[in-house]
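The values are calculated or read from the model by the stated rules, or taken from the named source; none is laboratory data. Remember, it's a predicted structure, so these values are computed and weren't measured experimentally. With ideal geometry, Cβ positions are generated from the backbone for all residues, glycine too; neighbour counts draw on all protein chains shown.
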Amino acid sequence: MDKHLITGLILAGGRGSRMGNVDKGLQPFRGTTMAQHVLERLAPQVDSIIINANRNLEDWRAFGVPVWPDQTADFAGPLAGLQAGLRHCTTPWLLAAPCDSPFLPPDLAQRLAAAVEAEDADLAYAATQEPGMRAQAHPVFCLVKASRLPELSQYLLEGGRRVDGWYKDLKAVEVLFEDADAFRNINTLDELKGLDNMLAPSLASVTSCLSSYDPDALPVRDAQRIIRDFVQPVSAVEKVALRAALGRVLAQDVVSPIDVPSHDNSAMDGFALRGSDLRSDAPVTLRVIGTTFAGNASGMVPAAGECVRIMTGGVMPEGCDSVAPQEFVRQDGDTIELSAGVIRPGDNRRFAGEDLKAGSPALSKGRVVRPPDLGMLASLGVPEVAVQRRLRVAFFSTGDELRSVGEPLGEGCVYDSNRYTIYGMLQRLGCDIVDMGVVRDDPAALEAALRSACENADAIITSGGVSVGAADYTRQIMAKLGDVTFWKIGMRPGRPLAFGRIQSNGRSAFLFGLPGNPVAVMVSFYFFAREALLRMMGAEAPLPLLRARSSGAIRKKPGRTEYQRGILTRGADGEPEVRITGSQGSGILRSMSEANCMVVLHDEQGNVAAGDAVDVLVFEGLM
Ligand code: AMP
Ligand code: MG
């Protein structure tokens with residue numbers, strides 16, 4: 001059976017009573033929602049998808065497919081959903097699957113379709129069988145002939161609710177599937193969390209993919225790779241009005257509903273004419289029959305030898321395919337003369353759909369929306385878009401020596417600056433932030449802070465306490481709460497880094513334990529945390545490194561990555577040139593402030609001679 005004969009139906013209309021009366025399908029599961037997993041598994045098997053849901057209809061519509069509530073009142077169960085599906089199905093067959101079955105088989109449609117065809121049946125449903133046991137039917141996974149709606153409606157009207165109760169009125173066949181796990185549905189929130197955690201990769205499984213792994217001498221690129229492979233997107237989706245999408249991450253491809261522009265139109269102020277009137281060897285004279293402005297179709301149809309005065313953006317009159325710009329034309333009353341060969345047929349005409357064709361993707365999922373994107377979406381008439389929900393990031397500083405702004409600075413103390421740089425960097429990424437202040441070097445306080453951060457955020461950023469100082473309990477507590485590894489990275493500044501995922505009360509969060517030194521914090525954030533956070537937000541945005549000429553020599557040891565603060569300017573020859581600024585000590589924030597870029601000297605690189613090209617990360621746009 002051709003898949004275009006089948007509509008997919010996601011049954012999401014249940015009360016979800018075992019989950020505390022929530023919509024099961026909207027529950028987070030492995031970086032997205034359960035229903036999204038079902039949708040992604042079903043979509044390739046069918047022509048199109050519809051959803052049956054009875055609550056939170058706005059959230060369901062954000063999936064970008066039609067949503068239909070039950071017609072039968074009072075949460076009458078899966079059959080009421082099936083009824084709604086059959087009523088709105090536009091193909092001869094309907095394939096139903098529940099919204100809490102994120103592992104449904106990839107060949108569900110194909111196998112059920114083969115069975116109804118072989119048996120000339122009205123319905124086929126899935127079943128599985130454990131060795132030595134009776135087959136277990138899964139009647140909510142079924143392929144039904146759309147024309148059987150009257151039988152189903154009759155059964156519901158008589159008060160029937162059993163999913164397989166209406167088979168007596170039709171020919172139904174059972175299809176045995178091998179993989180019982182594929183039909184597993186998830187009924188309680190605990191079950192959901194259990195699966196979510198169980199199926200997330202462990203750090204050990206990620207690091208085992210590296211050919212050599214030494215946490216005490218880890219190259220920057222290996223650390224980046226482990227982080228990239230370990231974090232997972234936490235993408236629940238929300239719809240926002242167009243303007244509010246600025247800086248957000250698109251959760252779905254935006255497909256153009258219209259041709260842009262919608263008509264062939266003029267690219268110049270001039271005269272619209274028929275290309276067949278043009279001569280390459282002699283001037284032509286044409287009669288002007290009227291004028292057309294942008295914004296309304298003239299309705300004029302020039303005959304051979306005629307033309308229409310047209311303004312930029314004006315709709316091309318019927319039969320015209322070229323525009324002679326007015327500066328090439330001599331006008332005398334209602335005739336114009338055009339010299340030979342100044343324009344060719346087709347010149348200065350913009351085609352309908354030349355910018356974008358109806359049905360073609362205008363912007364793809366994962367894109368961070370920028371000003372031109374807003375404009376483009378507006379040009380498509382799109383009033384709102386689906387974006388990923390904002391990532392929640394909790395952060396705090398650790399250290400007994402830290403004082404917050406506003407407190408007196410006691411002897412031996414420093415003001416907590418990291419919390420402010422981290423605040424700024426997170427803000428620029430568009431995260432929702434939870435500032436948890438300064439936490440003392442005290443095991444109980446650290447544990448409480450980490451747990452609270454974990455229960456309230458998707459990611460946690462801490463600074464300080466990850467090297468091996470005596471009062472640094474941070475590592476100990478981090479390790480206690482989850483799957484966390486402690487690295488010494490081959491880099492300067494910023495050698496120590498803690499990374500992993502911690503758990504508290506059934507919640508989990510990714511953890512970045514950044515070093516304490518103020519410059520090291522920023523470097524570690526940009527080169528490790530930033531990409532990971534963007535990935536969690538569903539966006540792909542690698543750091544944009546440029547090449548620039550180094551104005552002076554730079555000493556550099558091969559075998560580690562060095563990040564030096566630099567000032568990028570245009571050299572005497574107009575080419576980008578970078579010089580190192582100020583003291584490069586890892587605590588000296590002033591030189592970071594003075595800098596407008598960071599020079600990145602990679603592992604294998606040795607001393608840099610004046611005039612050599614180096615990689616540069618420009619702060620503008622990043623900060
Ligand atoms: P730690 O990694 O905790 O040993 O900290 C390394 C250095 O960074 C120490 O000199 C700390 O005083 C300093 N430091 C740690 N956290 C902060 C902070 N939030 N603001 C400013 N300096 C800090
Ligand atoms: Mg400390």
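Taking the stretch 513-536 as the range and being out of contact with any Pro (no Cβ under 7 Å at 6 or more places or on another chain) and over 14 Å from Gly585 (Cβ atoms) as the test, the residues that pass are Gly513, Leu514, Phe525, Tyr526, Phe527, Phe528, Ala529, Arg530, Ala532, Leu533, Leu534. Per the listing Ser262, Ser256, Ser280, the residue uniquely of a type in the set (Ser, Thr, Tyr), within 30 Å of Glu384 (Cβ to Cβ), out of contact with any strand residue (DSSP E or B) (no Cβ under 8 Å at 6 or more places or on another chain) and in contact (Cβ under 8 Å) with a residue 40 or more places away in the chain is Ser262. Could you tell me whether any residue of the stretch 525-545 is assigned to a helix (DSSP H, G or I), within 16 Å of ligand 2 (Cβ to nearest atom) and within 30 Å of Gln388 (Cβ to Cβ)? Looking through the stretch 525-545, none of the residues is assigned to a helix (DSSP H, G or I), within 16 Å of ligand 2 (Cβ to nearest atom) and within 30 Å of Gln388 (Cβ to Cβ).
For the stretch 435-451, a residue qualifies if it is touching a residue at least 40 places away in the same chain (Cβ under 8 Å) and away from ligand 1 (no atom under 16 Å from the Cβ), and exactly one does: Arg451. Only helices (runs of 4 or more DSSP H) whose full extent lies in the stretch 348-465 are considered here, and the ones with at least 2 residues that are at pLDDT below 95 and not assigned by TED's automatic domain parsing to the domain that holds Ala509 are 371-379. Of note, Arg428 satisfies the criterion of being surrounded by fewer than 18 Cβ atoms within 10 Å (Cβ to Cβ) and either under 27 Å from Val234 (Cβ atoms) or in contact (Cβ under 8 Å) with a residue 24 or more places away in the chain (or both). Take Thr474 and tell me if it is within 13 Å of ligand 1 (Cβ to nearest atom) and farther than 15 Å from Ala498 by Cβ. So Thr474 does not fit the description; no. Regarding the stretch 499-506, can at least one residue be identified that is crowded, with 23+ Cβ neighbours inside 10 Å, of a type in the set (D, E, K, R) and under 22 Å from Asp483 (Cβ atoms)? Yes.
Results for (1) part of a strand (DSSP E or B); (2) modelled with pLDDT under 95; (3) over 21 Å from Val234 (Cβ atoms), shown as yes or no for each residue.
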| site | (1), (2), (3) |
| --- | --- |
| Thr7 | yes, no, yes |
| Arg15 | no, yes, yes |
| Glu40 | no, yes, no |
| Ile51 | yes, no, yes |
| Asp70 | no, yes, yes |
| Ala76 | no, yes, yes |
| Leu79 | no, yes, yes |
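Criterion applied to Ala137, Ala180 was being hydrophobic (A, V, I, L, M, F, W, C), more than 30 Å from Gln503 (Cβ to Cβ) and surrounded by 12 or more Cβ atoms within 10 Å (Cβ to Cβ), and the one residue passing it is Ala137. Kindly indicate whether any position in the stretch 566-576 is in contact (Cβ under 8 Å) with a residue 12 or more places away in the chain, surrounded by fewer than 20 Cβ atoms within 10 Å (Cβ to Cβ) and part of a loop (DSSP other than H, G, I, E, B). Yes, the stretch 566-576 has at least one match. Of the residues Ile461, Ile489, Ile422, Ile502, the single one that is touching a strand residue (DSSP E or B) at 6+ places or on another chain (Cβ under 9 Å) and either among the basic types (Lys, Arg) or within 11 Å of ligand 1 (Cβ to nearest atom) (or both) is Ile422.
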